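To keep things clear, I will list the structure first and then write my remarks on it.
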Amino acid sequence: MKLIHVVFGLLLVVAGITGYVLLSVPPENAVGLAHPTIAGMRLGGDGLARLGSIGDAPFYFQIAVILLATFMLAMGVAPKRRTRGFWLFLAGGALIAFIVWASLYLGYKHYLLTGETGLFFGVPVPTAWMLGGVWGSFALFDIFYAVAFRRYFLHPDDERDFEALVAEMKAGGEAN
Amino acid sequence: MEEYRQTIILGAVMAYMVMCIGVGIWAMRRTKSAGDFFVAGRGLGPIVVSLAVFSSTLSGFGFVGGPGLVYATGMSSMWMAICSALGYATGFYLVAKRIRMVAEVRDTMSMPDVVYARYGSQFARLLTAVTIILGVLGYLATQILAMALVLQSILSATAMFADISLLACVVVSSAVLIFYCVTGGIIASVYTDVVQGLMMIVAGALVVITAAHVFDGGFAEVSNILLKADGEDVMPFGTVGAMASLAWFFMFGLGLAGQPHVATKMMMNRKLSDNRLILPVAVFGYAIAAMLWVSVGIVMRALVLGDVAMPLSAPDEAAPVFLSTYAHPLLAGIVFAGLFAAIMSTADSFLNIGAAAIIHDIPKAVRGRSLDNELMWARIATIGISVLSAIIALGSDQLVALLGAFGWGTFAAALVPVVIIGLNWKGATARAACAAIIVSLAINFAVQIWGIKVPYGISSGFLAMLTSMIVFIGWSFLEKPKDLPRDIDRIMDL
């Protein structure tokens, strides 16, 4: 199976979950409610009720998005450069993103059920997972790009091939 | 020093604007051709490109609209910002190398040029150019509105300009922007971006420190006030809810690389290997600057809900009011200039790609060649787009950030499949590219024109982007792909 088939399949999964959500009957305050006295400000209201009709659809939605993002990123590396080490890194990166996402979501569900949450760096723990964790888990892919640049993203052989192509074009070689 | 607060703020903003005009005049001497005007001759160093990439991404949408959205809806909109690490990864893994290679081999000046090189279809080039113009008008209107709002908040605090109108502020701020864009083109744009990017990093870092000291108990006290007043607002999905937040993450994370004002910058670096440095600098620059987005918005919300401050008359006033009231006068001066920097750095990019679409891409698509005297027409088109966007800005009653989200969604939905996937998959076809663009525009504009409310606050841009990606790949599966031009085929193997 080619990468594009996996990406297409994951897009259909994301679309399926989105369709399921759109077809459910939204609870009264699905997108929050207007503040009774402050213009332009909205309140969240009952978070548990807002998830009532869609269950854990957001959880599965984001898992599909993490997988989709990972496989799309893999498409950016030439097939001949996708070594075992490359796939191991991508798998590790995706696993960390899953763990962060699960921690965020489960922490949020715990808050909805109990009304209790701890603080980390001044914000509720699930929010800390969001601000630092979600960003950080994908920042790993950025760091990997810089660290493994010559191995996977612009291999010296590929750079030489490209320079040869440019030289051919400049020498009047036909392009089309 | 407090009595000089407004003078300091005004002085800093004036100094910044004079700097922009100076760069415009300097760059005018280096702008001798349309190539210089649109892509700076592909000779920029890595630091210049990285600061230009990140400052173009984080705009008035983030610096003015972002705090406004956090004030209004809590943490929901932060999903638009935290996805930046994924967004830049997508851009550099999937686009940066190939778009730079295509630019060098085919001497492309714009994204529609790249689309034509990839698909060999003038219709695909035309649709891409039209998409860019439509998105630019919406997105540029956001920037102009944000600039005017910030300028109005500064000037209205002085005795002389207490009653200054929004229209007057639109005219003054747009005049500076138009001047340096018309005179210096992309060279002025990217070199002002360098200063603007540095100012945004400094502003983001200093503002978060200031915000942390507004309450004695720091951000913990802010969180406790919000947990007591509502709770959902300070939790990860904010008041808008999980599906709306995650749809934004999808659209902004996977859609960043489809933003033409960002992707075009990826064609301008001197060497391919510069990308190794450009990505991390852009990611971390953005992260520091974006701290202003969350810290100002959340503190202003806590101040109002905690009965410490009066409610704002409009959410978009969150950043200006915070800076005018709580920041040290010197810091306020720097950050206000930083706000202008954030706005102008994106606006100038839009003017550039919009002008390219009008005077370079559409004529090429329609009659096979670009206009004579492109440089002169580029300058005229730049003025025309600015004026039209200013009219849209004044006529719109939407929040800055929501107007920006519409512009972003238009670009992301139409261009992500065509560019991101198309540059990495040889099986993609020209007809699929055209179908994807048309479907995405139809969904985006239908929802906007008829005011359709999507359940759960899910963004129409997300729906359009998801649909266009599926249409693009699915349609391509059904067709036998044509052979690619030899140079493009070889580039896609690298």
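The values are calculated or read from the model by the stated rules, or taken from the named source; none is laboratory data. Remember, it's a predicted structure, so these values are computed and weren't measured experimentally. Cβ placement follows ideal geometry from the backbone for every residue including glycine, while neighbour counts extend to all protein chains displayed. When the accessible area is computed, the model is the full protein with side chains, heavy atoms only, and any ligands, DNA or RNA have been set aside. Shrake-Rupley method; radii C 1.70, N 1.55, O 1.52, S 1.80 Å.
Under the condition of being touching a residue at least 40 places away in the same chain (Cβ under 8 Å) and either closer than 30 Å to B:Asp361 by Cβ or open to solvent by 10 Å² or more (accessible area, probe 1.4 Å) (or both), which residue from the stretch B:222-232 is nearest to the other protein chains (Cβ to nearest Cβ)?
Here the answer is B:Asp230.
Report every pair of residues separated by at least 6 positions or lying on different chains whose Cβ atoms are under 9 Å apart, first residue within the stretch B:315-341 and under 10 Å from B:Pro67 (Cβ atoms), second among the charged types (D, E, K, R) and assigned to a helix (DSSP H, G or I).
Sorted first by the residue in the stretch B:315-341, then by its partner, the pairs are B:Ala318/B:Arg301.
Mind listing whichever residues of the stretch B:132-185 are of a type in the set (Ser, Thr, Tyr) and over 21 Å from the mean Cα position of the chain (by Cα)?
Within the stretch B:132-185, B:Ser153, B:Ser156, B:Thr158, B:Ser165, B:Thr183 qualify.
Among the helices (runs of 4 or more DSSP H) contained in the stretch B:88-160, which hold 1 or more residues that are under 30 Å from B:Arg5 (Cβ atoms) and either without any contact (Cβ under 8 Å) to a residue 60 or more places away in the chain or hydrophobic (A, V, I, L, M, F, W, C) (or both)?
Per the criteria, B:122-155.
Select from the stretch A:102-135 the residues that are within 18 Å of B:Leu86 (Cβ to Cβ) and either open to solvent by 40 Å² or more (accessible area, probe 1.4 Å) or at the interface with chain B (Cβ under 10 Å from one of its Cβ atoms) (or both) and list them in ascending order.
A:Leu104, A:Tyr105, A:Trp129, A:Met130, A:Leu131, A:Gly132, A:Gly133, A:Val134, A:Trp135
Residues checked against (1) out of contact with any helix residue (DSSP H, G or I) (no Cβ under 8 Å at 6 or more places or on another chain); (2) within 12 Å of chain A (Cβ to nearest Cβ):
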| position | (1), (2) |
| --- | --- |
| B:Tyr286 | no, yes |
| B:Ala289 | no, no |
| B:Val294 | no, yes |
| B:Gly297 | no, yes |
| B:Arg301 | no, yes |
| B:Asp307 | yes, yes |
| B:Glu317 | no, yes |
| B:Ser324 | no, no |
| B:Ala327 | no, no |
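Do you know which residues across the stretch B:484-494 are assigned to a loop (DSSP other than H, G, I, E, B) and open to solvent by 20 Å² or more (accessible area, probe 1.4 Å)?
Listed by number, the residues that qualify are B:Leu484, B:Pro485.
Please determine whether any residue of the stretch A:49-59 is at pLDDT below 95, farther than 18 Å from B:Ala242 by Cβ, surrounded by fewer than 15 Cβ atoms within 10 Å (Cβ to Cβ) and more than 7 Å from chain B (Cβ to nearest Cβ).
Within the stretch A:49-59 (the criterion being at pLDDT below 95, farther than 18 Å from B:Ala242 by Cβ, surrounded by fewer than 15 Cβ atoms within 10 Å (Cβ to Cβ) and more than 7 Å from chain B (Cβ to nearest Cβ)), the answer is no, since none of the residues qualifies.
Please list, ordered by residue number, the helices (runs of 4 or more DSSP H) wholly in the stretch B:384-483 having 1 or more residues that are away from chain A (no Cβ under 14 Å) and open to solvent by less than 30 Å² (accessible area, probe 1.4 Å).
The qualifying helices (runs of 4 or more DSSP H) are B:400-415, B:430-449.
Got a sec? Which of A:Phe162, A:Phe86, A:Phe138, A:Phe149 is over 24 Å from the mean Cα position of the chain (by Cα) and open to solvent by less than 20 Å² (accessible area, probe 1.4 Å)?
The match here is A:Phe162.
Does A:Leu43 meet the test of being touching a His at 6+ places or on another chain (Cβ under 7 Å), within 10 Å of another protein chain (Cβ to nearest Cβ), buried (at least 16 other Cβ atoms within 10 Å of the Cβ) and at pLDDT below 95?
yes
Taking the stated definitions as given, is A:Phe71 touching a helix residue (DSSP H, G or I) at 6+ places or on another chain (Cβ under 6 Å), at pLDDT 95 or above, at the interface with chain B (Cβ under 7 Å from one of its Cβ atoms) and open to solvent by 30 Å² or more (accessible area, probe 1.4 Å)?
So A:Phe71 does not fit the description; no.
So which residues in the stretch B:233-263 are more than 7 Å from chain A (Cβ to nearest Cβ) and in contact with a strand residue (DSSP E or B) (Cβ under 7 Å, 6 or more places away or on another chain)?
Listed by number, the list is empty, since nothing qualifies.
Scanning the stretch A:148-163 for residues that are hydrophobic (A, V, I, L, M, F, W, C) and at the interface with chain B (Cβ under 9 Å from one of its Cβ atoms), which turns out farthest from B:Ile288 (Cα to Cα)?
A:Phe162
Let's see how each residue does on (1) assigned to a helix (DSSP H, G or I); (2) out of contact with any Pro (no Cβ under 7 Å at 6 or more places or on another chain); (3) surrounded by fewer than 20 Cβ atoms within 10 Å (Cβ to Cβ):
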| position | (1), (2), (3) |
| --- | --- |
| B:Met291 | yes, yes, no |
| B:Ile298 | yes, yes, no |
| B:Asp307 | no, yes, yes |
| B:Ser313 | no, yes, yes |
| B:Pro320 | yes, yes, no |
| B:Thr325 | yes, yes, yes |
| B:Leu330 | yes, yes, yes |
| B:Phe350 | yes, yes, no |
| B:His360 | yes, yes, no |
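Would you mind stating whether A:Gly32 is within 11 Å of chain B (Cβ to nearest Cβ), crowded, with 16+ Cβ neighbours inside 10 Å and within 30 Å of B:Ala314 (Cβ to Cβ)?
yes
Of the residues A:Ile38, A:Ile4, only one is facing another protein chain (nearest Cβ under 7 Å), surrounded by fewer than 21 Cβ atoms within 10 Å (Cβ to Cβ) and without any contact (Cβ under 8 Å) to a residue 12 or more places away in the chain; which?
Just a single option satisfies the conditions, and that option is A:Ile38.
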